[in-house]
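Throughout, read-outs are computed from the coordinates displayed, never taken from laboratory work. Just so we're clear, the structure is a prediction, and the values are computed from it rather than from any experiment. In this analysis, Cβ positions are derived from the backbone assuming ideal geometry, glycine residues included, and neighbour counts consider all displayed protein chains.
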Amino acid sequence: MVEGELPELDPVIHAQARLRVVVALSQLGPGDRIAFPRLQEILRMTPGNLSVHLRKLEDAGYVEVAKTHRGRTPATLTHLTAKGRLAFEEYVSTLKTMIEPGGGES
Amino acid sequence: MASTEHESTFDDPVQALRLIEDERTNTRRQVTPDPRLMYWPWGLTWLISFGLSFLRYGPDGRILVSMPEWVPLTALTVLLAAAGIFTGIVGGRSARHIEGPSSRQGMMYGISWSAGFTALAIIFSRVSDGLPDSALSLLWGGGMVALVGVLYLAGAAVWDDRDMFVLGAWISLTNIAGVICGPGWHALVVAVAGGGGLLVAGLVGWLQRR
């Protein structure tokens, strides 16, 4: 592997926990939003850990976190933004050019 | 690997791609219902209740296995209700705490099943008086199975699901063939081809998402 190319990967996504968050959110249908506890259950992360990573993704504009109410109970709904989806696609294609010889800049 | 657990990265892109694939599979498995749980209850319902119907109301009015005449229809009603409730719960569980277009699509699709079954049940029971048993079984069996075939075709259109389209087309065609063959044979065709088709659909869907 060409170690020198790794820094070109988007640092916001290129961390195990955040990558998993982004992949999970990318599997939802367009326009769908997921509640915080359900996302936590799918990813098997602690609440604290998940909120730290969601905040970083939110700061980068990759996810949107909205607080709403369902009846009397507050709910936090999350989804990947168009910017986040694009960043993820670019991240994946960068990874692919790294492993395919001649696929990217040598 | 980097220093902290929170910020751990990868040494190599292959590892990252593998993680992406694993998480995709994991998420898909959790937000979509297990195809076996969605198809097998219906497959078993058809296999058992249309099987009983064939044995009790065989071709040319023959009784292949003697049993009270209410058994096949009662089995069908009870098993259909059980399968409907079970698949409703399974489908609802995988969509819980996710809101947006896809849960609305799922709900509207579920309602179209109920609407179709309710309408046909009311229409058929209104015209059932005075019909001979053989015509009754074709009307109810053929009509309900036709509805199921069309609903799977429509579901395939909603989710762009080729396998579901094949299932809907298979059920529709075998149902027509069975109706043409006549009472008795229709029940056999639906039990074996229809019920079998649903069992295969569950198996194929499960194998594909493993």
Residue order, fewest to most beta carbons within 10 Å, for B:ILE176, B:ILE63, A:ILE34: B:ILE63, B:ILE176, A:ILE34
Chain B, relative contact order in percent, only Cα pairs under 8 angstrom and at least six apart counted: 31 percent
Filtered chymotrypsin sites (Phe, Trp or Tyr not before Pro), the range B:41-101: DSSP coil and at most 11 other beta carbons within 10 Å: B:TRP70
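Find the relative contact order for the range B:52-171 and round it to a whole percent, using C-alpha pairs within less than 8 Å whose residues are 6+ positions apart.
Relative contact order comes out at 15 percent.
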The range A:15-29-the range B:158-176 distance, computed between alpha-carbon centres (Å): 33 Å
Folded to 0 to 90 degrees: helix A:47-59 orientation relative to chain A principal axis, Cα: 60 degrees
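Take every Cα-Cα pair in chain B and report what % of them are more than 21 Å apart.
When all Cα pairs of chain B are counted, 59 percent exceed 21 Å.
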Relative contact order for chain A, counting Cα pairs under 8 Å that sit 6 or more residues apart, in percent: 30 percent
Expected 222 nm ellipticity per residue - DSSP helices of 4 or more, -39500 (n - 2.57), all of the protein assembly as shown, to 500: -22500 deg cm²/dmol
Three principal axis lengths of the protein assembly as shown [C-alpha, angstrom, descending]: 80, 52, 27
At least 30 Å along the helix axis (C-alpha) and Kyte average at least 1.0, DSSP helices within chain B: B:71-94, B:133-159
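Could you list A:LYS96, A:LYS67 in order of exposure, starting from the residue whose Cβ has the fewest other Cβ atoms within 10 Å?
With the fewest neighbours first, A:LYS96, A:LYS67 line up as A:LYS67, A:LYS96.
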Cα centroid separation, the range B:195-210 to the range B:1-77 (Å): 7 Å
Whichever lysines have a C-alpha closer than 18 Å to that of A:LYS96, once near sequence neighbours (fewer than 8 apart) are set aside: none
Relative exposure of A:HIS14, A:HIS53, B:HIS97, judged by other C-beta atoms within 10 Å (fewest first): B:HIS97, A:HIS14, A:HIS53
Positive minus negative residues near B:LEU73 (Lys, Arg vs Asp, Glu; Cβ under 11 Å): -1
Degrees separating the helix A:82-99 axis from the principal Cα axis of chain A, which is the longest one: 30 degrees
Spatially proximal lysines relative to A:LYS67 (Cα-Cα < 18 Å; intrachain offsets below 8 disregarded): A:LYS56
Projected label distance in nm at A:LYS96 and B:MET108, using a 7 Å step from Cα toward the beta-carbon: 3.2 nm
Candidate aspartates and glutamates for bridging to A:LYS83, where Cα separation is under 15 Å - those fewer than 8 sequence places away on the same chain excluded: A:ASP10, A:GLU58, A:ASP59, A:GLU64
